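Only one structure is covered here, and it is reproduced in the block below.
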Amino acid sequence: MRHAKIRAGLSLVMAGFAVAPASAGFRSPESVVRNVYAHYGQGSADLSNGLPRDAGTARQFFDPSLRGAWSAPHDAPYDFLVQSPSWRIGPVAITVVRRQFDKTYVAASFDNQGRAITLNFIVVNGPEGWVISDVESPHDSLRMFLAEFRR
């Protein structure tokens, strides 16, 4: 009888964790990048228009210092995360390049309409989980790009 009560209590606790949605962040550095590129697929409208620029998405994917810049109005000539105004990306290869304390560098490589793209995500582990601190291309960073084209 005692074991049944313990099991029932554990089941309730586990169910509570499974139902509670995460307000921000992800469980691993790789999952942040994987979830970014899930928004660049060919399929449902929600997952084909690129990473949304709303405050909820910014809170989920970016650290506090980058959230405002991501969701601010801008006149960018292309989507930085695919390095093009349009996309048809191939499979995304995700590789952890380096881990330093609470910061991890993750490389994302893919083909976008016949052009090879590699971006380095700088992902930090905070109290809410793993979020993006910056993204670097060979010529620019997401922070600089958003600041340059902000209205």
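The values are calculated or read from the model by the stated rules, or taken from the named source; none is laboratory data. Everything quoted here is computed from the prediction, not taken from an experiment. Counting neighbours? That spans all protein chains shown, and the Cβs are built from the backbone with ideal geometry, glycine included. The protein model used for the area step is the full one, side chains on, heavy atoms only, and it has no ligands, DNA or RNA in it. Shrake-Rupley method; radii C 1.70, N 1.55, O 1.52, S 1.80 Å.
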Members of segment 93-128 that are at pLDDT below 95 and within 13 Å of the chain's Cα centre (by Cα): Asn125
Which pairs have Cβ atoms under 9 Å, sit 6 or more apart or on different chains, and link a residue in segment 137-148 that is aromatic (Phe, Trp, Tyr) to one that is at pLDDT 95 or above and surrounded by 17 or more Cβ atoms within 10 Å (Cβ to Cβ)? Phe145/Phe80; Phe145/Val135
Those residues that are under 24 Å from Pro73 (Cβ atoms) and touching a strand residue (DSSP E or B) at 6+ places or on another chain (Cβ under 8 Å), I need them from segment 122-147; list them, please. Val131, Ile132, Ser133, Asp134, Val135, Glu136, Ser137, Ser141, Leu142, Arg143, Leu146
I want to confirm something. Restricting to segment 99-151 and keeping residues that are part of a loop (DSSP other than H, G, I, E, B) and of a type in the set (D, E, K, R), which single residue is most open to solvent (accessible area, probe 1.4 Å)? Arg151
From (1) closer than 16 Å to Tyr37 by Cα; (2) not in a loop (DSSP other than H, G, I, E, B), pick out the condition that doesn't hold for Pro52. (2)
